[in-house]
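Q: For reference, the structure I am asking about is given below.
Every read-out reported here was derived from the displayed coordinates using simple, explicitly stated rules and does not represent laboratory data. The shown structure was predicted, so the numbers you read here are calculated from the model rather than taken from an experiment. Every residue, glycine among them, receives a Cβ derived from its backbone with ideal geometry; neighbour counts consider all protein chains shown.
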Amino acid sequence: MHAHTLKGLVVLSFIVYHSVVSADQYCNTESVVETAPTARFSINGAIALDHATGFEWTRCPLGHVFDDNGTPDNVTDDECTPQGATRTTWQSANSRVSSINTTGLAGYDGTVVYDWRMPNIKELATVVERACIYPARNLEVFPLTVAYESWSSTLTAPYTGNYYDSAYAVFRDGRVVGSEVYTDPLDYELSGTNNDTEPSKWKRVYAIRGG
């Protein structure tokens with residue numbers, strides 16, 4: 001992975017992180033074992049196959065277009081270019097994943113398939129690269145360089161009514177935390193204070209299949 005080395009970073013969970021999004025990734029592969037090394041994956045254009053889990057992943061979050069810059073055998077210059085809305089509510093993230101199954105999306109072997117889904121929190125955590133922060137992600141496999149948060153499908157117990165806490169992985173530093181969401185469409189539309197209505201609370205989403 002191409003990144004700056006941060007020798008002082010030993011235990012990620014004890015670092016104090018700032019909310020400012022940085023374009024610079026920092027890795028400490030000298031003392032922290034890589035948890036999502038490139039060798040674990042086979043890559044075919046916009047899709048990555050994880051041999052450790054059997055999952056196929058979209059390499060870019062939905063709302064981005066994959067670009068290999070004319071060098072399909074070189075993953076180091078791959079890019080994810082924004083196209084339309086890049087971050088969404090949890091509700092819209094579910095709809096966005098469902099929509100790609102309407103027309104289908106080619107899997108790793110190039111065959112168009114219709115069984116993509118939003119990853120649950122355990123699946124999402126398998127691609128967190130804990131040797132790196134800002135973002136905690138292998139940029140050769142998942143080339144969007146900005147640090148961001150990504151939705152999972154996992155819902156914890158409701159607080160009140162249909163108000164749930166949806167887990168997501170913070171790819172900036174690898175932590176897994178929750179974000180309040182409504183799962184009832186009516187409550188979602190009527191609420192004026194729901195986090196789903198605040199763009200600052202919206203996340204990105206990857207699609208996954210198999211396992």
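Q: Please compute the net charge surrounding Tyr148, taking Lys and Arg as +1 and Asp and Glu as -1 over other residues with Cβ under 10 Å from its Cβ.
A: +4
Q: Can you list the residues, at least 5 places off or on another chain, whose amide H is less than 5 Å from the amide H of Ala147, using H built in the peptide plane?
A: Sorted by chain and number, the residues that satisfy this are Ser22.
Q: With a 10 Å Cβ neighbour count serving as the proxy for reagent exposure, in which order, fewest first, do Val128, Val205 appear?
A: Starting with the residue having the fewest Cβ neighbours, the order is Val128, Val205.
Q: Grab the other residues whose beta carbon is less than 14 angstrom from that of Glu34, score K and R as +1, D and E as -1, and report the net.
A: Once positives and negatives cancel, what remains is -1.
Q: Run the dipole for segment 29-109 about the Cα centre, Lys and Arg Cβ at +1, Asp and Glu Cβ at -1, nothing else charged, and hand back the magnitude in debye, nearest 20.
A: 480
Q: What is the set of long-range amide H partners of Gln25 at a cut-off below 5 Å, with H atoms built 1.01 Å from backbone N?
A: Under 5 Å from the amide H of Gln25: His4.
Q: Go through Thr76, Cys132, Asn120 and say which Cα lies farthest out towards the positive end of the charge dipole of segment 30-153; charges sit on Cβ, +1 for Lys and Arg, -1 for Asp and Glu.
A: After comparing all options, I get Asn120.
Q: Give me the net charge of Gln83's neighbourhood, meaning all other residues with Cβ under 14 Å from the Cβ of Gln83; Lys, Arg count +1, Asp, Glu -1. Don't skip to the end; give the middle numbers.
A: Details: positive: Arg87, Arg96, Arg204; negative: Asp67, Glu79.
Result for the local shell: +1.
Q: Which of Trp57, Trp202 comes first, and how do the rest follow, when ranked by fewest Cβ neighbours within 10 Å?
A: Working: Trp57 27, Trp202 22.
With the sparsest Cβ surroundings first, the list reads Trp202, Trp57.
Q: In whole Hz and in residue order, list the ³J(HN,Hα) couplings for segment 106-118 that follow from phi through the Karplus curve 6.51 cos²θ - 1.76 cosθ + 1.60, θ = phi - 60°; x for Gly and Pro.
A: Listing the rounded values in order: 4, x, 4, 7, x, 6, 5, 10, 10, 10, 6, 8, 7 Hz.
Q: Skipping prolines and chain starts, which residues have an amide H placed within reach, meaning under 5 Å, of the one on His64, given they are 5 or more residues away or on another chain?
A: Under 5 Å from the amide H of His64: Gln83.
Q: I've got another one for you. What is the calculated FRET efficiency for Asp67 to Thr156, with r their C-beta to C-beta distance and R₀ = 41 Å, to the nearest 0.05?
A: 0.65
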